[in-house]
Amino acid sequence: MTERKAERLITPEKLVTLVKKRSEAFRLEGFVPGQGEKSAKIMFVGEAPGETEVHNLIPFSGRAGDELMRFMDIAALTRNDVYITSAVRSRPYRYGEKKDHKTGEMIERRYNRTPTQKEIYAQAPILDFEIQTLQPKLIVTLGNIGLRRLLGKEYGVSSLHGQVLTKQVQKLASIDEDRFEKTAAYYTIIPTFHPASIFYNRKLLPLIQADFEAIGSYVKEYLR
């Protein structure tokens, strides 16, 4: 990508406070800001931060992030070329038990989980602000949560991955109601699977690689 003067997009503190207030009733942990420059033409939308991210405040910095960086190499992209965010900016967690290797005792710990629709509504103003501010030329959704947050529950990554879509996206209708409405603007979206999906299904690896080849081709033709 061409060089740009680095100026990070900062979410207004007033908006962060609002979203944290809206999220108080839910089992969510921490808050991880989106990461990228104001001039980024490409936005990646994932699901939610995990345990690693809520500690270092860097989106996609855990195991899934390592895989994402490898996929981005296929598209000739780096973190400096994109703005990385997600449908929910806090970590959704559940409690479970795990055996302590040293003592053999069962200890309670927090595990990642998929965000609920109410949690997505609660944190929707953040993503709405990011899209409205950046006006990205390309949005890459990583997994079903990011895709459905933008386009609706009827959309699925399995049937749409790697395709170039031109669609209106969803935004919160108002702060006082949990429903989405469509933006007036249309956006270009290429869905792909969440990078963590290959941990559970290695058959998805060549599909994701092909998707990022398609992303790279689109970027080369239209954004460079």
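The values are calculated or read from the model by the stated rules, or taken from the named source; none is laboratory data. Everything quoted here is computed from the prediction, not taken from an experiment. Cβ placement follows ideal geometry from the backbone for every residue including glycine, while neighbour counts extend to all protein chains displayed. Areas reflect the complete protein model, heavy atoms only, side chains present, ligands, DNA and RNA absent. Shrake-Rupley method; radii C 1.70, N 1.55, O 1.52, S 1.80 Å.
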Of K21/K137; K41/K167; K14/K38; K137/K182; K41/K220; K14/K171, which sit over 21 Å apart, Cα to Cα? K21/K137
Give the distance, in whole Å, between the Cα centre of the range 132-187 and the Cα centre of the range 190-224. 18
Could you look at the range 103-190 and say what percent of its accessible area is carbon and sulfur, using a 1.4 Å probe and all protein chains? 47
Rounded to one decimal in nm, the spacing of the 7 Å Cα→Cβ label points at K99 and I58 is 3.4
By per-residue mean of other Cβ atoms within 10 Å, what is the highest-first order of 182-195, 148-161? 182-195, 148-161
Which order, highest average first, do 101-108, 138-145 follow once you tally other Cβ atoms within 10 Å for each residue and take the mean per peptide? 138-145, 101-108
Accessible surface of the range 32-96 [probe 1.4 Å, protein heavy atoms]: carbon and sulfur percent: 47
Suppose every Lys and Arg Cβ carries +1 and every Asp and Glu Cβ carries -1, with no other charges. What dipole size does the range 33-156 come out with about its Cα centre, to the nearest 20 debye? 180
Accessible area per residue in Å² at 1.4 Å probe, computed on the chain: 52
Rounded to the nearest 20 debye, what is the charge dipole size of the chain about its Cα centre when +1 sits on each Lys and Arg Cβ and -1 on each Asp and Glu Cβ? 80
Where does the charge balance sit around Y155 when Lys and Arg score +1, Asp and Glu -1, over other residues with C-beta under 11 Å from its C-beta? +3
Within the range 79-93, backbone nitrogen closer than 15 Å to the virtual label 7 Å beyond the Cα of E108 toward Cβ: 93
Along the charge dipole of the range 72-224, pointing to its positive end and built from +1/-1 on Cβ of Lys, Arg, Asp and Glu, which listed residue (N112, V164, A75) has its Cα farthest out? N112
